[in-house]
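Trainee: Dropping the structure in here first, questions after.
Here, each number is a calculation from the coordinates, and none is a lab measurement. Just so it is clear, the model here is predicted, and its values are computed rather than measured. Neighbour counts are summed over all protein chains in view; Cβ atoms, including those assigned to glycine, are modelled from backbone coordinates with ideal geometry.
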């Protein structure tokens with residue numbers, strides 16, 4: 001599993017887990033988005049992913065990635081628009097885990113979390 005975290009601070013903002021549809025409601029906020037890698041620009045700064053709800057999102061890394069990415073990768077950063085994220089961290093999921101990954105169930109959970117004002121209270 002690959003990790004990149006360059007901008008660690010004591011006051012870390014909470015990140016909302018989003019899919020492509022929810023991204024537009026979180027512009028300027030910290031998000032976590034999971035996507036399947038479609039392409040990576042050779043400069044390592046721009047990556048296109050397909051989210052769990054089949055939206056294409058461009059992820060711009062704060063620093064170029066130094067390794068090839070493939071499969072399901074989670075990016076954390078700031079939502080920049082309805083289909084863009086500026087990312088400071090990524091986590092590549094191992095293929096032995098993603099082979100059994102239920103995309104529809106994950107997407108349903110993310111959608112539900114984004115429809116409830118505070119999912120951690122009853």
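Trainee: So for the chain, averaging the separation of alpha carbon pairs under 8 Å that are six or more residues apart and normalising by length, what relative contact order in percent results?
Mentor: About 28 percent, as a whole number.
Trainee: Using Cα extents along the principal axes in Å as the read-out, say which of (i) 38, 31, 27; (ii) 43, 42, 30; (iii) 45, 35, 25 was calculated from these coordinates.
Mentor: Checking each listed value against the structure points to (iii).
Trainee: Taking only Cα atoms and a 10 Å spring cutoff, compute GNM fluctuations for the chain and point out the largest among 109, 79, 22.
Mentor: Result for the chain, Cα springs under 10 Å: 109 fluctuates most.
Trainee: If R₀ is 22 angstrom, what is the calculated FRET efficiency for the pair residue 101 and residue 25, using the beta carbon separation as r and rounding to 0.05?
Mentor: 0.35
Trainee: Which residue fluctuates most in the GNM of the chain (Cα springs below 10 Å): 108, 63, 13?
Mentor: For the chain, modelled as a Gaussian network with Cα springs under 10 Å, the answer is 13.
Trainee: Which residue fluctuates most in the GNM of the chain (Cα springs below 10 Å): 88, 53, 102?
Mentor: In the Gaussian network model the winner is 102.
Trainee: Once you have the Cα-Cα distance between residue 43 and residue 113, take 0.36 nm times their residue separation minus that, and quote the gain in nm to one decimal.
Mentor: 21.7 nm is the gain from fully extending residue 43 to residue 113.
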